[in-house]
1. Starting from the amide H of Trp138, placed 1.01 Å from N in the peptide plane, find each other amide H under 5 Å away whose residue is 5 or more places distant or on another chain.
2. Kindly express, to the nearest 10 degrees and within the range 0 to 90, the angle between helix 35-52's C-alpha long axis and the longest C-alpha principal axis of the chain.
3. Could you pull out the pairs from Lys20/Lys133; Lys77/Lys133; Lys56/Lys131; Lys88/Lys131 whose alpha carbons sit more than 24 Å apart here?
4. Over 5 Å intervals from 0, what percent of Cα-Cα pairs in the range 24-103 sits in each interval?
5. Where is the GNM fluctuation largest for the chain (alpha-carbon springs, 10 angstrom cutoff): Ala33, Ala99, Ala108?
6. Using only the alpha-carbon atoms of the chain, report the extent along each of the three principal axes, biggest first, to the nearest angstrom.
7. So, in nm, how far is label Arg38 from label Arg18 when the simple model puts each one 7 Å beyond its Cα toward the Cβ?
8. Check which residues have an amide H placed less than 5 Å from Ile128's amide H, if you skip close sequence neighbours.
Amino acid sequence: EALLRLVSLGSSLRNSVRIKVRQPLAEIIIQPANDSERHAVQRFAEQISEELNLKKVSLHDPAQGALLKYEISPNLKTLGPKFGEQVKPIRTALAALDAQSLAAKVQAGENIELDCEGTMVVLDANDILLKAKAPDGWTGLVDHGTQLLLDVRINQELVREGMAREVVRHVQELRKKSGLEMED
């Protein structure tokens, strides 16, 4: 179940950047949310690699820090009606906070207390928008605590391998249309 979930998340990452599975990619880094996912990556890395057409599957240790960085912004749709003119000081107070620790609180569903020009304001998780940000040349996602980072940089070797796969696909398609068997 964990393996299927990880492959599904990896597949959605590929789809988000519109890179077909026939095009090989260099690496995916996975920071699992639980032990069953960690075990799935350790035991089935080769299957993940084959299924997503990747050269390398890596496991990220959360003790080294978060895989993805977060951008925090106020949810103006909920803050506007609640706080009105206080939105601007709330935005300033949010910008001054550490994004990683704030993201952890929001994901845990905790309320956030802010000091906005001497007034204490309490925000809930719906009042804050989190956006996971990947380094340049990578794309990432967070899903229920699991983080994935996919290298979308395609070098010359990967381009050639992708073209070879396309040629094989076209030859197989023509073989089928001609009514030829595999042995022919």
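1. Val152
2. 40
3. Over 24 Å Cα-Cα: Lys56/Lys131.
4. 3, 13, 16, 13, 12, 8, 9, 10, 9, 6, 1
5. Largest GNM mean-square fluctuation: Ala108.
6. Extents along the principal axes, in whole Å: 81, 32, 29.
7. Spacing of the two 7 Å Cα→Cβ label points: 3.9 nm.
8. It is Asn75, by chain and number.
Every number in this text was worked out from the coordinates using simple rules, so none of it is lab data. Values in this document were obtained by computation on a predicted structure and should not be read as measured data. In this analysis, Cβ positions are derived from the backbone assuming ideal geometry, glycine residues included, and neighbour counts consider all displayed protein chains.
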